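A short write-up of the structure that comes next.
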Amino acid sequence: MSHPTPEVYEQGKGMDAHNQVMREIRSRKEASYDPHEPTRVWVDEDNTPDGVKQSLTIILNTGGCRWARAGGCTMCGYVAESVDGGSVSHEALMDQIDICLDHEADEADEPADLIKIYTSGSFLDEREVGAETRQAIADTFADRERMVVESLPDFVDREKIADFTRHGVDTDVAIGLETATDRVRHDCVNKYFDFADFEDACAEAAAADTEASEAAAGIKAYLLMKPPFLTESEAVTDMIASVERCAAVEGCHTVSMNPCNVQRYTMVDDLYFEDGYRPPWLWSVAHVLRETVDVDAIVVSDPVGHGSDRGPHNCQECDDLVQKAIKDFDLRQDPSVFEQVSCECERTWEVVMERERSFNQPLTR
(Lines give C-alpha, C1' and ligand atoms only; values in the text may rest on other atoms or scores of the structure.)
Protein backbone atom coordinates (compact mmCIF):
# COMPACT_ATOMS: atom_id res chain seq x y z
CA MET A 1 0.00 0.00 0.00
CA SER A 2 1.36 3.41 -0.95
CA HIS A 3 2.06 6.10 1.64
CA PRO A 4 0.43 9.54 1.28
CA THR A 5 2.39 12.77 1.47
CA PRO A 6 1.64 15.25 4.29
CA GLU A 7 -0.14 17.52 1.81
CA VAL A 8 -2.94 14.94 1.51
CA TYR A 9 -4.15 15.93 4.98
CA GLU A 10 -4.21 19.69 4.48
CA GLN A 11 -7.44 21.65 4.87
CA GLY A 12 -9.86 20.83 2.06
CA LYS A 13 -8.18 17.48 1.42
CA GLY A 14 -8.23 14.02 2.98
CA MET A 15 -10.32 13.80 6.13
CA ASP A 16 -11.43 17.42 5.87
CA ALA A 17 -12.75 16.77 2.35
CA HIS A 18 -14.47 13.56 3.52
CA ASN A 19 -16.21 15.51 6.28
CA GLN A 20 -17.43 18.18 3.86
CA VAL A 21 -18.97 15.50 1.65
CA MET A 22 -20.48 13.62 4.59
CA ARG A 23 -22.10 16.76 6.02
CA GLU A 24 -23.79 17.42 2.67
CA ILE A 25 -25.03 13.82 2.43
CA ARG A 26 -26.38 13.81 5.99
CA SER A 27 -28.21 17.11 5.38
CA ARG A 28 -30.59 15.21 3.07
CA LYS A 29 -32.20 13.49 6.08
CA GLU A 30 -35.81 14.52 6.63
CA ALA A 31 -37.11 12.06 9.26
CA SER A 32 -37.36 12.99 12.94
CA TYR A 33 -37.52 10.71 15.99
CA ASP A 34 -39.20 10.63 19.41
CA PRO A 35 -36.61 11.08 22.20
CA HIS A 36 -38.73 8.90 24.51
CA GLU A 37 -38.56 5.88 22.15
CA PRO A 38 -35.47 3.67 21.72
CA THR A 39 -34.16 3.23 18.20
CA ARG A 40 -34.30 -0.58 18.48
CA VAL A 41 -34.45 -3.37 21.05
CA TRP A 42 -34.28 -7.13 20.62
CA VAL A 43 -33.55 -10.41 22.45
CA ASP A 44 -30.84 -12.76 21.09
CA GLU A 45 -27.90 -14.96 22.09
CA ASP A 46 -24.24 -13.94 22.23
CA ASN A 47 -20.92 -15.66 22.84
CA THR A 48 -19.07 -14.17 25.83
CA PRO A 49 -15.88 -15.08 27.75
CA ASP A 50 -18.23 -16.95 30.12
CA GLY A 51 -20.05 -18.87 27.39
CA VAL A 52 -23.20 -18.30 25.37
CA LYS A 53 -25.67 -15.96 27.10
CA GLN A 54 -29.15 -14.73 26.31
CA SER A 55 -28.84 -11.04 25.51
CA LEU A 56 -31.00 -7.94 25.50
CA THR A 57 -29.67 -5.46 22.94
CA ILE A 58 -30.71 -1.82 23.31
CA ILE A 59 -30.01 1.01 20.88
CA LEU A 60 -30.78 4.21 22.74
CA ASN A 61 -31.96 7.23 20.79
CA THR A 62 -29.53 9.99 21.74
CA GLY A 63 -28.25 13.12 20.07
CA GLY A 64 -25.92 10.90 18.06
CA CYS A 65 -22.20 10.47 17.59
CA ARG A 66 -20.09 13.60 18.12
CA TRP A 67 -17.77 12.63 15.25
CA ALA A 68 -20.73 12.09 12.91
CA ARG A 69 -21.86 15.64 13.60
CA ALA A 70 -18.54 16.80 12.14
CA GLY A 71 -19.04 14.60 9.07
CA GLY A 72 -18.17 11.18 10.32
CA CYS A 73 -17.53 7.72 8.98
CA THR A 74 -18.09 6.95 5.32
CA MET A 75 -20.32 3.91 5.95
CA CYS A 76 -22.26 4.89 9.09
CA GLY A 77 -25.86 6.04 8.73
CA TYR A 78 -26.84 5.58 12.36
CA VAL A 79 -26.63 9.28 13.11
CA ALA A 80 -29.55 9.72 10.69
CA GLU A 81 -31.69 7.89 13.27
CA SER A 82 -30.68 10.23 16.08
CA VAL A 83 -32.79 12.90 17.73
CA ASP A 84 -32.42 16.37 16.25
CA GLY A 85 -30.84 18.99 18.46
CA GLY A 86 -27.85 17.03 19.75
CA SER A 87 -29.07 15.99 23.22
CA VAL A 88 -31.73 13.92 25.00
CA SER A 89 -32.75 14.48 28.62
CA HIS A 90 -32.12 12.08 31.46
CA GLU A 91 -35.87 11.52 31.86
CA ALA A 92 -36.34 10.69 28.17
CA LEU A 93 -33.43 8.23 28.16
CA MET A 94 -34.82 6.44 31.23
CA ASP A 95 -38.21 6.26 29.48
CA GLN A 96 -36.41 4.44 26.67
CA ILE A 97 -34.91 1.99 29.17
CA ASP A 98 -38.40 1.29 30.60
CA ILE A 99 -39.72 0.50 27.11
CA CYS A 100 -36.80 -1.92 26.57
CA LEU A 101 -37.53 -3.68 29.87
CA ASP A 102 -41.19 -4.03 28.86
CA HIS A 103 -40.07 -5.55 25.54
CA GLU A 104 -37.85 -8.01 27.38
CA ALA A 105 -40.71 -9.02 29.68
CA ASP A 106 -42.91 -9.68 26.64
CA GLU A 107 -40.35 -11.52 24.50
CA ALA A 108 -38.13 -13.45 26.94
CA ASP A 109 -38.94 -16.18 29.42
CA GLU A 110 -36.57 -14.66 31.96
CA PRO A 111 -34.31 -11.61 32.29
CA ALA A 112 -31.25 -11.75 30.03
CA ASP A 113 -27.86 -12.31 31.65
CA LEU A 114 -26.20 -10.03 29.08
CA ILE A 115 -27.23 -6.42 28.43
CA LYS A 116 -25.78 -4.62 25.40
CA ILE A 117 -26.33 -0.87 25.09
CA TYR A 118 -25.49 1.17 22.01
CA THR A 119 -26.26 4.79 21.18
CA SER A 120 -25.20 5.01 17.52
CA GLY A 121 -22.31 6.93 19.03
CA SER A 122 -20.53 6.67 22.39
CA PHE A 123 -22.39 5.63 25.52
CA LEU A 124 -19.44 6.88 27.60
CA ASP A 125 -19.51 10.34 25.99
CA GLU A 126 -21.28 12.47 28.60
CA ARG A 127 -22.60 14.78 25.89
CA GLU A 128 -24.71 11.83 24.72
CA VAL A 129 -25.40 10.04 28.00
CA GLY A 130 -24.76 12.11 31.12
CA ALA A 131 -23.15 10.75 34.28
CA GLU A 132 -26.53 10.75 36.08
CA THR A 133 -28.10 8.61 33.36
CA ARG A 134 -25.11 6.28 33.10
CA GLN A 135 -25.21 5.62 36.82
CA ALA A 136 -29.00 5.14 36.81
CA ILE A 137 -28.69 2.60 33.98
CA ALA A 138 -25.95 0.82 35.93
CA ASP A 139 -28.28 0.63 38.93
CA THR A 140 -31.14 -0.63 36.76
CA PHE A 141 -29.12 -3.58 35.48
CA ALA A 142 -27.18 -4.28 38.69
CA ASP A 143 -28.74 -7.76 38.91
CA ARG A 144 -27.44 -8.92 35.51
CA GLU A 145 -24.20 -10.81 34.84
CA ARG A 146 -22.56 -8.85 32.03
CA MET A 147 -22.89 -5.43 30.41
CA VAL A 148 -21.58 -4.24 27.04
CA VAL A 149 -21.53 -0.52 26.22
CA GLU A 150 -20.24 1.09 23.04
CA SER A 151 -17.77 3.98 22.93
CA LEU A 152 -15.05 5.66 20.96
CA PRO A 153 -11.67 5.11 22.68
CA ASP A 154 -11.43 8.77 23.78
CA PHE A 155 -14.15 8.29 26.39
CA VAL A 156 -13.03 4.94 27.87
CA ASP A 157 -12.22 5.65 31.50
CA ARG A 158 -11.76 3.26 34.40
CA GLU A 159 -14.01 5.37 36.67
CA LYS A 160 -16.88 5.19 34.17
CA ILE A 161 -16.45 1.43 33.84
CA ALA A 162 -16.50 1.22 37.64
CA ASP A 163 -20.11 2.49 37.64
CA PHE A 164 -20.99 -1.02 36.44
CA THR A 165 -18.30 -3.22 37.98
CA ARG A 166 -19.04 -1.90 41.50
CA HIS A 167 -22.33 -3.81 41.23
CA GLY A 168 -20.42 -7.00 40.47
CA VAL A 169 -21.40 -6.84 36.78
CA ASP A 170 -18.73 -7.91 34.28
CA THR A 171 -18.36 -4.98 31.87
CA ASP A 172 -17.07 -4.76 28.33
CA VAL A 173 -16.58 -1.64 26.24
CA ALA A 174 -17.21 -2.19 22.53
CA ILE A 175 -14.99 0.04 20.39
CA GLY A 176 -15.57 0.63 16.68
CA LEU A 177 -11.93 0.25 15.70
CA GLU A 178 -12.92 -0.84 12.14
CA THR A 179 -9.35 -1.85 11.22
CA ALA A 180 -5.93 -2.10 12.85
CA THR A 181 -4.44 -0.26 9.86
CA ASP A 182 -4.37 3.48 10.56
CA ARG A 183 -4.30 4.51 6.90
CA VAL A 184 -7.39 2.42 6.07
CA ARG A 185 -9.21 3.83 9.10
CA HIS A 186 -8.31 7.41 8.19
CA ASP A 187 -8.68 7.33 4.38
CA CYS A 188 -11.36 4.69 3.76
CA VAL A 189 -13.50 4.92 6.90
CA ASN A 190 -12.76 8.57 7.73
CA LYS A 191 -12.28 7.79 11.42
CA TYR A 192 -9.89 10.09 13.21
CA PHE A 193 -8.13 8.03 15.89
CA ASP A 194 -5.12 5.70 15.71
CA PHE A 195 -4.56 2.10 16.77
CA ALA A 196 -2.49 3.46 19.65
CA ASP A 197 -5.66 5.11 21.02
CA PHE A 198 -7.37 1.72 20.95
CA GLU A 199 -4.43 0.25 22.87
CA ASP A 200 -4.77 3.04 25.47
CA ALA A 201 -8.47 2.24 25.88
CA CYS A 202 -7.60 -1.44 26.37
CA ALA A 203 -5.13 -0.38 29.07
CA GLU A 204 -7.88 1.61 30.84
CA ALA A 205 -10.16 -1.43 30.73
CA ALA A 206 -7.36 -3.63 32.05
CA ALA A 207 -6.84 -1.16 34.92
CA ALA A 208 -10.58 -1.23 35.66
CA ASP A 209 -10.41 -5.01 35.65
CA THR A 210 -7.56 -4.96 38.17
CA GLU A 211 -9.37 -2.50 40.45
CA ALA A 212 -12.71 -4.36 40.37
CA SER A 213 -12.81 -6.90 43.18
CA GLU A 214 -15.96 -8.77 42.17
CA ALA A 215 -16.24 -8.25 38.41
CA ALA A 216 -14.20 -8.30 35.20
CA ALA A 217 -13.70 -5.57 32.61
CA GLY A 218 -12.48 -5.82 29.03
CA ILE A 219 -12.71 -4.62 25.45
CA LYS A 220 -14.67 -5.93 22.48
CA ALA A 221 -13.24 -4.68 19.18
CA TYR A 222 -15.59 -4.03 16.28
CA LEU A 223 -13.96 -4.35 12.87
CA LEU A 224 -15.41 -3.34 9.50
CA MET A 225 -15.16 -5.93 6.75
CA LYS A 226 -14.64 -4.19 3.38
CA PRO A 227 -14.74 -0.41 3.85
CA PRO A 228 -15.08 1.56 0.61
CA PHE A 229 -12.11 1.88 -1.75
CA LEU A 230 -10.67 -1.57 -0.93
CA THR A 231 -10.94 -4.54 -3.26
CA GLU A 232 -12.34 -7.82 -1.92
CA SER A 233 -8.87 -9.36 -1.52
CA GLU A 234 -7.44 -6.20 0.10
CA ALA A 235 -10.35 -6.18 2.55
CA VAL A 236 -9.85 -9.84 3.45
CA THR A 237 -6.10 -9.40 3.95
CA ASP A 238 -6.63 -6.31 6.09
CA MET A 239 -9.30 -8.03 8.18
CA ILE A 240 -7.18 -11.10 8.95
CA ALA A 241 -4.27 -8.88 10.01
CA SER A 242 -6.60 -6.68 12.09
CA VAL A 243 -8.14 -9.62 13.96
CA GLU A 244 -4.69 -10.97 14.75
CA ARG A 245 -3.41 -7.59 15.93
CA CYS A 246 -6.45 -6.89 18.14
CA ALA A 247 -6.31 -10.34 19.73
CA ALA A 248 -2.69 -9.65 20.75
CA VAL A 249 -3.63 -6.56 22.80
CA GLU A 250 -4.05 -7.15 26.53
CA GLY A 251 -7.60 -6.49 27.61
CA CYS A 252 -9.21 -7.24 24.23
CA HIS A 253 -10.97 -10.58 24.59
CA THR A 254 -13.48 -10.47 21.70
CA VAL A 255 -13.28 -9.32 18.09
CA SER A 256 -16.53 -8.79 16.19
CA MET A 257 -16.17 -8.55 12.41
CA ASN A 258 -19.01 -6.49 10.95
CA PRO A 259 -19.40 -6.86 7.18
CA CYS A 260 -20.19 -3.46 5.69
CA ASN A 261 -23.77 -2.87 4.56
CA VAL A 262 -25.10 0.07 2.57
CA GLN A 263 -26.87 2.53 4.87
CA ARG A 264 -28.79 5.64 3.86
CA TYR A 265 -27.18 9.09 4.08
CA THR A 266 -23.61 7.81 3.73
CA MET A 267 -20.77 8.04 1.23
CA VAL A 268 -21.01 4.27 0.77
CA ASP A 269 -24.64 4.76 -0.28
CA ASP A 270 -23.63 7.29 -2.92
CA LEU A 271 -20.86 5.00 -4.19
CA TYR A 272 -23.26 2.05 -4.31
CA PHE A 273 -25.72 3.92 -6.53
CA GLU A 274 -22.88 4.93 -8.85
CA ASP A 275 -21.78 1.26 -9.17
CA GLY A 276 -18.65 2.02 -7.15
CA TYR A 277 -19.24 -0.32 -4.20
CA ARG A 278 -20.40 -3.87 -3.53
CA PRO A 279 -20.81 -5.21 0.03
CA PRO A 280 -18.50 -8.10 0.92
CA TRP A 281 -19.12 -11.69 -0.09
CA LEU A 282 -20.24 -14.00 2.69
CA TRP A 283 -17.49 -16.33 1.49
CA SER A 284 -15.02 -13.62 2.53
CA VAL A 285 -16.52 -13.53 6.02
CA ALA A 286 -16.29 -17.32 6.33
CA HIS A 287 -12.69 -17.25 5.05
CA VAL A 288 -11.59 -14.70 7.66
CA LEU A 289 -13.27 -16.66 10.47
CA ARG A 290 -11.48 -19.85 9.38
CA GLU A 291 -8.11 -18.11 9.06
CA THR A 292 -8.28 -16.51 12.52
CA VAL A 293 -9.72 -19.41 14.51
CA ASP A 294 -6.46 -19.89 16.48
CA VAL A 295 -6.06 -16.31 17.77
CA ASP A 296 -6.27 -15.71 21.51
CA ALA A 297 -9.74 -14.12 21.42
CA ILE A 298 -13.34 -14.92 20.62
CA VAL A 299 -13.94 -13.97 16.98
CA VAL A 300 -17.53 -13.52 15.80
CA SER A 301 -19.45 -11.91 12.96
CA ASP A 302 -23.01 -10.70 12.45
CA PRO A 303 -23.68 -9.99 8.75
CA VAL A 304 -26.51 -7.46 9.03
CA GLY A 305 -28.72 -7.44 5.95
CA HIS A 306 -27.23 -10.67 4.62
CA GLY A 307 -28.61 -11.86 1.30
CA SER A 308 -29.77 -8.42 0.15
CA ASP A 309 -28.07 -6.32 -2.50
CA ARG A 310 -27.27 -3.69 0.14
CA GLY A 311 -25.87 -6.23 2.60
CA PRO A 312 -23.15 -8.90 2.54
CA HIS A 313 -24.19 -11.57 0.05
CA ASN A 314 -23.16 -14.31 -2.32
CA CYS A 315 -25.53 -15.40 -5.09
CA GLN A 316 -28.78 -15.33 -3.07
CA GLU A 317 -29.16 -19.09 -3.50
CA CYS A 318 -26.69 -19.96 -0.71
CA ASP A 319 -26.85 -16.81 1.42
CA ASP A 320 -29.07 -18.20 4.18
CA LEU A 321 -27.01 -21.39 4.48
CA VAL A 322 -23.70 -19.50 4.75
CA GLN A 323 -25.25 -17.06 7.23
CA LYS A 324 -26.44 -19.99 9.36
CA ALA A 325 -22.92 -21.44 9.32
CA ILE A 326 -21.52 -18.08 10.44
CA LYS A 327 -24.05 -17.93 13.29
CA ASP A 328 -23.14 -21.49 14.31
CA PHE A 329 -19.47 -20.55 14.28
CA ASP A 330 -20.16 -17.51 16.49
CA LEU A 331 -21.62 -19.74 19.19
CA ARG A 332 -19.33 -22.77 18.85
CA GLN A 333 -16.06 -21.34 17.44
CA ASP A 334 -15.77 -24.48 15.30
CA PRO A 335 -14.58 -23.87 11.70
CA SER A 336 -15.85 -27.26 10.56
CA VAL A 337 -19.31 -25.70 10.19
CA PHE A 338 -18.11 -24.14 6.93
CA GLU A 339 -17.36 -27.56 5.45
CA GLN A 340 -21.11 -28.22 5.39
CA VAL A 341 -21.90 -25.38 2.94
CA SER A 342 -20.93 -25.10 -0.71
CA CYS A 343 -22.20 -23.41 -3.85
CA GLU A 344 -21.09 -22.89 -7.44
CA CYS A 345 -20.76 -19.15 -6.73
CA GLU A 346 -17.72 -19.85 -4.57
CA ARG A 347 -15.73 -20.12 -7.79
CA THR A 348 -16.92 -16.64 -8.80
CA TRP A 349 -15.76 -15.33 -5.42
CA GLU A 350 -12.35 -16.92 -5.99
CA VAL A 351 -12.06 -15.14 -9.36
CA VAL A 352 -13.01 -11.84 -7.71
CA MET A 353 -10.36 -12.38 -5.04
CA GLU A 354 -7.78 -13.05 -7.74
CA ARG A 355 -8.66 -10.47 -10.41
CA GLU A 356 -10.44 -7.50 -8.82
CA ARG A 357 -8.35 -4.35 -8.75
CA SER A 358 -9.02 -0.84 -7.50
CA PHE A 359 -9.66 0.49 -11.03
CA ASN A 360 -12.27 -2.17 -11.94
CA GLN A 361 -14.12 -2.72 -8.68
CA PRO A 362 -16.67 -3.98 -8.06
CA LEU A 363 -15.95 -6.78 -10.49
CA THR A 364 -19.39 -8.31 -9.82
CA ARG A 365 -22.59 -7.16 -8.16
- Rounded to the nearest 0.05, what FRET efficiency do ILE99 and THR364 have when you use their Cβ-Cβ distance and R0 = 51 Å? 0.75
- Query: If all Cα-Cα distances of the range 255-294 are sorted into 5 Å bins from 0 onward, what percent lands in each bin, rounded to whole numbers?
  - Reply: 5, 21, 24, 16, 15, 11, 6, 1
- Loop-resident chymotrypsin sites (Phe, Trp or Tyr not before Pro) in the range 100-172 with no more than 12 other Cβ atoms inside 10 Å, DSSP not H/G/I/E/B, are none
- Message: Springs between alpha-carbon pairs under 10 angstrom, Gaussian network model over the chain: which of ASP106, ASP330, ASP309 fluctuates most?
- Response: ASP106
- Go through the chain and flag any cysteine with no other cysteine's C-beta closer than 4.7 Å, please. CYS65, CYS100, CYS188, CYS202, CYS246, CYS252, CYS260
- Message: In the chain, if the dipole is taken from +1 on Lys/Arg beta carbons and -1 on Asp/Glu beta carbons about the Cα centre, which of GLY276, GLY311, CYS260 is farthest to the positive end?
- Response: GLY276
- Lys/Arg +1, Asp/Glu -1 at C-beta; the range 13-355 dipole; positive extreme among MET22, HIS167, PHE155: MET22
- Task: Over all alpha-carbon pairs in the range 136-215, figure out the percentage whose distance exceeds 17 Å.
- Result: 48 percent
- For LEU321 the rounded accessible area (nearest 10 Å², probe 1.4 Å, non-protein molecules ignored) is 100 Å²
- Item | Centroid-to-centroid separation of the range 143-164 and the range 306-364 [C-alpha atoms, Å] | 34 Å
- Task: Place a +1 charge on the Cβ of each Lys and Arg in the range 279-354 and a -1 charge on the Cβ of each Asp and Glu, then give the dipole magnitude about the Cα centre in debye, rounded to the nearest 20.
- Result: 180 debye
- Task: With a 1.4 Å probe and all protein chains in place, put ARG332, ARG69, ARG310, ARG146 in order of accessible area, largest first.
- Result: ARG332, ARG69, ARG310, ARG146
- Taking the Cα centre of the chain as origin, work out the dipole magnitude from +1 charges on Lys and Arg Cβ and -1 charges on Asp and Glu Cβ, in debye rounded to 20. 1260 debye
- Message: So if the hydrodynamic radius of the range 77-211 is defined as the Kirkwood radius over C-alpha pairs, what does Stokes-Einstein give as its diffusion coefficient at 4 °C and 1.567 mPa s, in µm² per second?
- Response: 81 µm²/s
- Item | Gyration tensor verdict on the range 289-365 (Cα atoms; rounded if a/c is under 1.5, prolate if a/b is larger than b/c, oblate otherwise) | prolate
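Would you mind getting the Kirkwood hydrodynamic radius of the chain from its Cα pairs, rounded to one decimal in Å?
Evaluated over the chain, this radius sits at 21.0 Å.
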- Task: Go through LEU363, PHE338, ALA247 and say which Cα lies farthest out towards the positive end of the charge dipole of the chain; charges sit on Cβ, +1 for Lys and Arg, -1 for Asp and Glu.
- Result: LEU363
- Query: Using the scaling law 2.2 N^0.38 Å as the reference, what is the normalised Cα Rg of the range 195-313?
  - Reply: 1.19
- Message: For a 22 Å ceiling on Cα separation, which of these pairs sit above it: LYS53/LYS116; LYS191/LYS324; LYS116/LYS226; LYS53/LYS191?
- Response: LYS191/LYS324; LYS116/LYS226; LYS53/LYS191
- Task: In whole Å, largest first, what are the principal axis extents of the Cα atoms in the range 184-262?
- Result: 46, 22, 20
- Please quote Rg/Rh for the range 71-120 to two decimal places, taking the Kirkwood radius as Rh and restricting both calculations to Cα atoms. 1.06
- Note on the structure: Under the 7 Å Cα-to-Cβ spin-label approximation, ASP109 and SER89 lie apart by a distance in nanometres of 4.1 nm
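The values are calculated or read from the model by the stated rules, or taken from the named source; none is laboratory data. As the structure is a prediction and not an experimental result, all values here were calculated from the model. Here the Cβ is made from the backbone with ideal geometry for all residues, glycine too, and neighbour counts use every protein chain on show. In case anyone asks, the SASA skips ligands and DNA or RNA and just uses the protein heavy atoms, side chains included. Shrake-Rupley method; radii C 1.70, N 1.55, O 1.52, S 1.80 Å.
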